[in-house]
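Worksheet for the structure shown next.
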Amino acid sequence: MIEIGSYNRLQIVRKVDFGVYLSDGESDILLPIRQVPPRAGQGDILDVFVYTDSEDRPIATTDRPKAIVGEFAMLRVVSLSTFGAFADWGLAKDLLIPLSEQRYPLKEERGYVVRVILDKLSNRIIGSTKLSKYLDPDVSGLVEGQKVEAIFTHHTDDGTMAIIENKYSAAIFPDEVFKPLRVGERRTAYIKKIREDSRISLSLSPQGYEAVTAQVPELIRMLQSSGGFLPYSDNTSPEIIRNVFGISKGSFKKLLGRLLKEGRIEISFHGIRLKE
């Protein structure tokens, strides 16, 4: 069955003056002529995205949208109407974000994180900025230290909110941010803490033993390039540690502890010295 809002692998079954018809063996759909790849012929298999045209008829395209149904993406609003906003999602037909699916009124030329959904009543693909209703409150399948993919959705007084694994809500706080985060930015992150109330806090650095292992080569390189000594120690402020090394004070202390145990450094009040 051809799925609207998803990628479909379909076969060219016939050519017409205005394009080709594709089929999954049960139903046919038009791929307009401007979308037909050069030298494509009857019997060829094409991977296409299926959406609806201006008359709400299913249609195929070889263009790739910024998100498919069920995904989140940062989209720019290009126009407003009495019934909603239209956002550029990478296809010829802009994505409608109805007023009923807007968390707050959207503004033209502004970017927003949008969930792409299929309206089952009209069979149209639309967008929504009411993100929370599409998130899963059950985080039992997640573990602390887990590597996840995050998209940052908005800033708050306490930090920055994110959606991880296209499914769960999470937050990252200032002590874990070493460079400004942009709304809509996608980053690899790590689960720092899962609270009893299922709220998740993130870090942009690996956690636990993995964090220490990942930083060892960089610290050794920094020591070697500075003549074997760096003026930082356990007494250095967390802010300076974040600015210089890009890691938290806790991770820095674990890193020093490992290298000290391995006999690769000496630590004094004044700093770190690389052992010969």
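The values are calculated or read from the model by the stated rules, or taken from the named source; none is laboratory data. Predicted model, so just to flag it, every value in this text is computed and none were measured. Cβ: placed from backbone, ideal geometry, glycine included. Neighbour counts: every protein chain shown. Ligands, DNA and RNA are stripped out before the accessible areas are found, and what is left, the full protein with its side chains, is counted by its heavy atoms. Shrake-Rupley method; radii C 1.70, N 1.55, O 1.52, S 1.80 Å.
Among (1) in a loop (DSSP other than H, G, I, E, B); (2) surrounded by 13 or more Cβ atoms within 10 Å (Cβ to Cβ); (3) touching a helix residue (DSSP H, G or I) at 6+ places or on another chain (Cβ under 9 Å), which single condition is Gly127 missing?
Result: Gly127 passes all but (1).
Within region 88-101, how many residues are among the aliphatic types (A, V, I, L, M), closer than 14 Å to Thr129 by Cα and either surrounded by fewer than 17 Cβ atoms within 10 Å (Cβ to Cβ) or in contact with a helix residue (DSSP H, G or I) (Cβ under 8 Å, 6 or more places away or on another chain) (or both)? Talk me through it step by step, then tell me what you get.
Of the residues in region 88-101, the ones among the aliphatic types (A, V, I, L, M) are 91-92, 95-97, 99.
Within this subset, residues satisfying the condition of being closer than 14 Å to Thr129 by Cα are 95-97, 99.
Keeping just the survivors that are either surrounded by fewer than 17 Cβ atoms within 10 Å (Cβ to Cβ) or in contact with a helix residue (DSSP H, G or I) (Cβ under 8 Å, 6 or more places away or on another chain) (or both) gives 99.
Of the residues in that region, 1 qualify.
Let me confirm something: among Phe245, Phe269, which residue is of a type in the set (Phe, Trp, Tyr) and in contact with a helix residue (DSSP H, G or I) (Cβ under 7 Å, 6 or more places away or on another chain)?
Details: Phe269 fails: in contact with a helix residue (DSSP H, G or I) (Cβ under 7 Å, 6 or more places away or on another chain).
Step by step, each of Phe245, Phe269 is checked, and only Phe245 is of a type in the set (Phe, Trp, Tyr) and in contact with a helix residue (DSSP H, G or I) (Cβ under 7 Å, 6 or more places away or on another chain).
Hey, can you tell me all the residues within region 115-124 that are open to solvent by 30 Å² or more (accessible area, probe 1.4 Å) and either aliphatic (A, V, I, L, M) or within 21 Å of the chain's Cα centre (by Cα) (or both)? Explain how you work it out, then say what you get.
Applying the first criterion (open to solvent by 30 Å² or more (accessible area, probe 1.4 Å)) to region 115-124 yields 115, 118-124.
Hits for region 115-124 are Arg115, Leu118, Leu121.
Find the residue count for region 179-210, including only residues that are more than 13 Å from Ile247 (Cβ to Cβ) and part of a strand (DSSP E or B).
10
Which ones in region 1-24 are out of contact with any Asp or Glu (no Cβ under 8 Å at 6 or more places or on another chain), hydrophobic (A, V, I, L, M, F, W, C) and either on the phi > 0 side of the Ramachandran plot or part of a strand (DSSP E or B) (or both)?
Val16, Val20
Test Arg103 against the criterion of being among the basic types (Lys, Arg) and under 24 Å from Val50 (Cβ atoms), and give yes or no.
Numbers: among the basic types (Lys, Arg): yes; under 24 Å from Val50 (Cβ atoms): no.
Criteria not met by Arg103.
For the structure I just gave you, tell me whether Gly70 is part of a loop (DSSP other than H, G, I, E, B), modelled with pLDDT of 95 or more and touching a Lys or Arg at 6+ places or on another chain (Cβ under 6 Å).
Here the answer is no, as Gly70 does not meet what is asked.
Check region 67-87 and report whether any residue there is among the aromatic types (Phe, Trp, Tyr), surrounded by 18 or more Cβ atoms within 10 Å (Cβ to Cβ) and either touching a residue at least 40 places away in the same chain (Cβ under 8 Å) or under 20 Å from Leu30 (Cβ atoms) (or both). Lay out the reasoning, then the answer.
We begin by selecting, within region 67-87, every residue among the aromatic types (Phe, Trp, Tyr); these are 72, 83, 86.
Next cut, surrounded by 18 or more Cβ atoms within 10 Å (Cβ to Cβ) only: 72, 86.
Next, from what is left, pick out any that are either touching a residue at least 40 places away in the same chain (Cβ under 8 Å) or under 20 Å from Leu30 (Cβ atoms) (or both): 72.
Yes, the conditions are met somewhere in region 67-87.
Pick from Ser132, Ser100: which is within 23 Å of the chain's Cα centre (by Cα) and part of a helix (DSSP H, G or I)?
Ser132
Pairs under 6 Å by beta carbon, first residue under 19 Å from Leu135 (Cα atoms) in region 108-120, partner part of a strand (DSSP E or B) and of a type in the set (Ser, Thr, Tyr), six or more apart or different chains?
Partner pairs satisfying both residue conditions: Val113/Thr153; Arg115/Ser128; Ile117/Ser128.
Looking at region 211-237 only, could you name the residues that are exposed (fewer than 13 other Cβ atoms within 10 Å of the Cβ), assigned to a helix (DSSP H, G or I) and not polar (S, T, N, Q)?
Hits for region 211-237 are Pro217, Arg221.
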